[in-house]
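**Student:** Pasting in a structure now, in structure tokens, and then I'll have a few things to ask.
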Amino acid sequence: MSTGTRLEMKVDMNIIQHLGISMYATLPPVIAELVSNAWDADASEVWIELFDINPEDKKIIVRDDGMGMSIEDIQNSFLVIGKNRRKDGDVTPKGRKVIGRKGIGKLSMFGIADEIIVTSVKKINGKKVKNRFKLNLNEIKNSGTIYHPPHEIINQETDEPTGTTIEIMKIRRKSPFDAHRIAIDLARRFLIFDDNFRVWIKHNDEDPIEVKQDLRFEGIDIEFEWTFPNSNIQTSYEHANKVKGKVFTAKKPVPEDMKGIYLIARGKLVHRNDFYGIRSSDYAHAYLTGWLEVDFIDEKPEEDNIATNRQELTWEKENLQQLRKYLQEIISFVTSEWRRKRKEIKENKVHERTGINISGWIQSLDPVSKPIARKLVNSILSSDTIDEDRASEMIYFIHDMFEFDSFRRMAADIVGEDIVSEDRVLELMKKWELVEAREMYKLSQVRIDTITNFEKLIQENAREVPTLHEFFKKFPWLLDPRIMEFRDEVTYSKLLKEKFPERDLEEKNRRIDFLCVRFGGIFFVIELKRPQHTLQYKDIEQAKDYRSFIEQHLGTEHNERVIAYIVVGKIPDRDRRVIDELDTQKKAQKIFIRTYYELLQNAKNYHREFIEKYQKLKEKSDSYE
């Protein structure tokens, strides 16, 4: 080869197809590149105008008040594809860190349009000069290796303000413009919007929208926030103190395009929202969003860690692998803290709804029961899918069922596992529900025989003393299904009989019988009449006296209500004096009347429900038999 031969590299203009059209097929990243250029030009204001009233003549005009470009700037910088902007300086005259680097952002406009008109005014030596030129995609592609754009205005003196206006014409995009959507997208791509750099978007004749940083999280109800650097993260990553920003979790799942953490360098997006290798199935990810600044990855001119499309980092490099690992640590920390905070809130809500002080209740249990209860409750409180209402129901159930040895034994079988899953807790509850129903079923079957005997006594008009008295003492649930055993307050029964002796009554009523019982903070005075006895007005008057006597005898030191019950065979439906007095006493909640037939039907219905419930549960859960 001759030493005088000079090699030459030529660039085919079809490179625009790859670096412009293929990489920038949507509008937001195109607008973002023009905003970046305005920032690097030290603009303080940028106006983005969208016109699509006539779909056949759509256009976009972007104007900034930056320093503008001279003819030399246009030739040596703007029209040079791939020029590293930072070789001319890493900061602007205003001291801004330069965002541009690769010199291909200008090609982005050809991703959506076929024609670009650039007009720029710059102040040179005290005078402002204006230049305008046009770029046409088809002409560029057909020009071979060199393209000469039509130059409409060359160094024309002007009084116009400095800055650059770019008109994007012959837009291929068919769908209408959405100014609000673009504003939100820009807010997510940059951290540069403030009083020194303001951007507006105007769509046709609509009011302009100013792009502000808070648009980034529009519509997201933030619940928790973490600021970085964060001393609570234990890490060996050497640049941990240089990773700055905020990570948030919302009260409800965030939009799909906001899930994850954005990475920003020099105020601009360098990696879209991501979880950086953490498994995407984590429920907490649906609530997590935020941004972190990693300026240090874009500081060295010789290192290029950002992919050409500025949407992601080139993770295969060692230094970025270390960053990725630290980002995983951040996400793990945030999700762990999120669960802890949500657990605390859920526990407080459970306390509000149920009145159960969970910590106090668990602490009050015996040493064997404590770890069992703690694991069950923690499983519910820590669950991502159990809301506060459902958690309250489940914990209330467990709290009450812990009174039963059989339930504690069943619970102990599952808490031997390191982690008690939500499914295992639900399985326990279903299994116990069946066991409880089965026991009530057995009890109900036995009680059906008792109810049959009770019905026979009613039909025979059995004596209240001693027959009905002993029967009710043996089977108190006939009076109220909730009463499992009868503890007769015999002292008060005796006092009543002494105070109201039988000799003071008519012959047919001399078998006076009282049952006195305390239940649920109430003192009941129950007087039994014969099953065929019809309620009379004087029965109510007597019950008043009985109730007043007991109330007076208890004294003010007892905070018990005293209620009198009369069990009779029938209530007259035409004796207005009796009916009116019954209504008065019922409203005062001092005297109530029950018929034997009413007690009989209530007992039948109550126990029939248990039998039917068990049969239904058994059909669904044969495996628990």
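**Student:** Identify the GluC sites (Glu not before Pro) of the stretch 173-269 meeting these criteria: DSSP loop state and at most 16 other C-beta atoms within 10 Å of the C-beta.
**Tutor:** Within the stretch 173-269, the qualifying GluC sites (Glu not before Pro) (loop, at most 16 other Cβ atoms within 10 Å) are E206, E218, E238.
**Student:** In nanometres, what is the gap between the two model label sites at S359 and R574, each 7 Å from Cα along Cα-to-Cβ?
**Tutor:** 6.9 nm
**Student:** Expressed as a whole number of Å, what is the distance separating the alpha-carbon centroids of the stretch 204-257 and the stretch 145-181?
**Tutor:** About 34 Å separates the Cα centre of the stretch 145-181 from the one of the stretch 204-257.
**Student:** Among Y596, Y565, Y237, which comes first, then next, by fewest other beta-carbon atoms within 10 Å?
**Tutor:** By the 10 Å Cβ count, ascending, the order reads Y237, Y565, Y596.
**Student:** Continuing with the same structure: Which of M69, M429 comes first, and how do the rest follow, when ranked by fewest Cβ neighbours within 10 Å? Write down the numbers at each step before the final one.
**Tutor:** Details: M69 23, M429 19.
Fewest-to-most ranking of M69, M429: M429, M69.
**Student:** Distance check, please: which entries in K538/K570; K246/K341; K252/K341; K97/K202 exceed 19 angstrom between their Cα atoms?
**Tutor:** Beyond 19 Å between Cα atoms: K97/K202.
**Student:** So how do T450, T227, T595, T314 line up by other beta-carbon neighbours within 10 Å, fewest first?
**Tutor:** Fewest-to-most ranking of T450, T227, T595, T314: T227, T314, T450, T595.
**Student:** Sorted by packing (mean other beta-carbon atoms within 10 Å per residue), highest first, where do 382-390, 265-273, 151-159 land?
**Tutor:** Averaged packing, sorted descending, gives the order 265-273, 382-390, 151-159.
**Student:** Provide the net charge surrounding E598, with neighbours chosen by a C-beta distance below 13 Å and charges set as Lys +1, Arg +1, Asp -1, Glu -1.
**Tutor:** +1
**Student:** Right, something else. Rg/Rh for the stretch 15-213: what does it come to with C-alpha atoms and Rh from Kirkwood?
**Tutor:** Numbers: Rg = 16.2 Å, Rh = 17.2 Å.
Reported Rg/Rh, Kirkwood definition of Rh: 0.94.
**Student:** What shape does the stretch 530-588 have by the C-alpha gyration tensor, where a ≥ b ≥ c are the square roots of the eigenvalues, rounded means a/c under 1.5, and otherwise prolate means a/b greater than b/c and oblate the rest?
**Tutor:** Verdict is prolate for the stretch 530-588.
Here, each number is a calculation from the coordinates, and none is a lab measurement. It should be emphasised that the depicted structure is a prediction, and the values quoted were computed from it without experimental measurement. Ideal geometry is used to build each Cβ from the backbone, glycine not excepted, and the neighbour counts take in all protein chains shown.
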